[in-house]
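S.K.: Below is a structure I'd like to ask you about.
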Amino acid sequence: MTPIDMLKCRMQVNKQAYKGIVDGLIKVGAKEGVKGLYLGGMPTFIGYSLQGMGKYGFYEYFKYKYSHLAGETNAKRYKTSLYLSASATAEFLADIMLCPMEALKVRMQTAAEPFSTSFLGGVNRIYSAEGMAGFYKGIAPLWLRQIPYTMVKFASFENIVEAIYKKALKQPKDHYSSAQQLGVTFAAGYMAGILCAIVSHPADTVVSKLNNLGKAEAAGMGNAALIGKILKDLGPVGIWTGLGPRIFMIGTLTAAQWFIYDSFKVKTGLPTTGG
């Protein structure tokens, strides 16, 4: 999904860049080739591997811990609150691992002139100009984007899975084969992905714009002031730029993530996620 992510980021910092996904893919492919379509691929691979490890691992851990703290009765009664609190905690920690790579990814993908020809070159350029602060200047809007995103992603997924078995299939999930359960996982994952893409998109646009700002443009301004300026410049319509590509990207990613995750759980003898 890296080419779609790259197009989405470019459209967020310059809404006139492409008319849509197909137009963007054709233009970038013609001008920059396959390498251009995968610009920012290495920080994407590293950053989202670390974030995914933290998000899913910490979610399982905190769902378990919080359910024990709440007690069995309250855990069942308030399970959606349990999903929300566990996912919020997990994402808060996971974003600390993601933020440096997200900063590099966006700069590589959206700079008017080539930001760097290599992953290490990009790391060195940010560090030389801004130190460690350059990698974390987007942490606040990243939390604002990712924490609601993950809360919706996990809580809606869990509830959509339950609804599919209760309302559509009308049997508990243990009545179905592993392959059928994984089909439910994929469908619920895609629906959850659409919801969390919409909820988190304004903050995603701010993250892209913030990381695209040069040092001179951001001089003398704190994060809050920068975010306020970006929101004012974008306006109520501009914050939704790139939503179409992001719904496609996040829906596909979320469905694939849950499918891979649950396939692994099935192979190791664990139940599929949900409930």
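Readers should treat all values here as calculations from the given coordinates under stated rules, not as data from a laboratory. Just so you know, these numbers come straight off a predicted model, no measurement behind them. Cβ sites come from the backbone with ideal geometry, for glycine too, and all protein chains shown count toward neighbours.
S.K.: Distance in nm between label sites at Thr117 and Arg77, each 7 Å beyond Cα in the beta-carbon direction?
M.R.: Simple spin-label model gives 6.5 nm for this pair.
S.K.: Then there is this: For each of Lys209, Lys170, count neighbouring Cβ atoms within 10 Å of the residue's Cβ, then give the residues from fewest to most.
M.R.: Lys170, Lys209
S.K.: Within the set of other residues whose C-beta is less than 13 Å from the C-beta of Ile198, count the net charge using Lys and Arg as +1 and Asp and Glu as -1. Walk me through the numbers on the way to the answer.
M.R.: Values: positive: Arg145, Lys153, Arg246; negative: Asp204.
Residues near Ile198 contribute +2 overall.
S.K.: Along the Cα→Cβ direction, 7 angstrom out, place labels at Phe45 and Glu60. What is the inter-label distance in nm?
M.R.: 2.5
S.K.: In whole Hz and in residue order, list the ³J(HN,Hα) couplings for segment 48-60 that follow from phi through the Karplus curve 6.51 cos²θ - 1.76 cosθ + 1.60, θ = phi - 60°; x for Gly and Pro.
M.R.: So the J values, rounded to whole Hz, are 7, 5, 5, 5, x, 4, x, 4, 6, x, 5, 4, 4.
S.K.: Considering lysine pairs in segment 138-275 that are 8 or more places apart or on different chains, how many have Cα atoms under 30 Å apart?
M.R.: Taking the Cα cut-off of 30 Å, the pair count is 21.
S.K.: How much length is gained if the chain between Tyr38 and Lys15 is pulled fully straight, taking 0.36 nm per residue apart and subtracting their Cα-Cα distance, in nm to one decimal?
M.R.: Residue separation times 0.36 nm, minus the Cα-Cα distance, leaves 6.3 nm.
S.K.: Report the extension gain between Ile96 and Ala225 in nm, rounded to one decimal, defined as 0.36 nm multiplied by the number of residues separating them, less their alpha carbon distance.
M.R.: Extra length from Ile96 to Ala225 when fully extended: 44.3 nm.
S.K.: Quick one: 3J(HN,Hα) in Hz for segment 148-156, Karplus 6.51/-1.76/1.60 with θ = phi - 60°, rounded, Gly and Pro as x.
M.R.: After applying 6.51 cos²θ - 1.76 cosθ + 1.60, I find x, 4, 6, 4, 5, 4, 7, 5, 5 Hz.
S.K.: In addition: Quickly work out the Ala133-to-Lys167 label distance, labels modelled 7 Å from Cα along the C-beta direction, and quote it in nm with one decimal.
M.R.: 5.0
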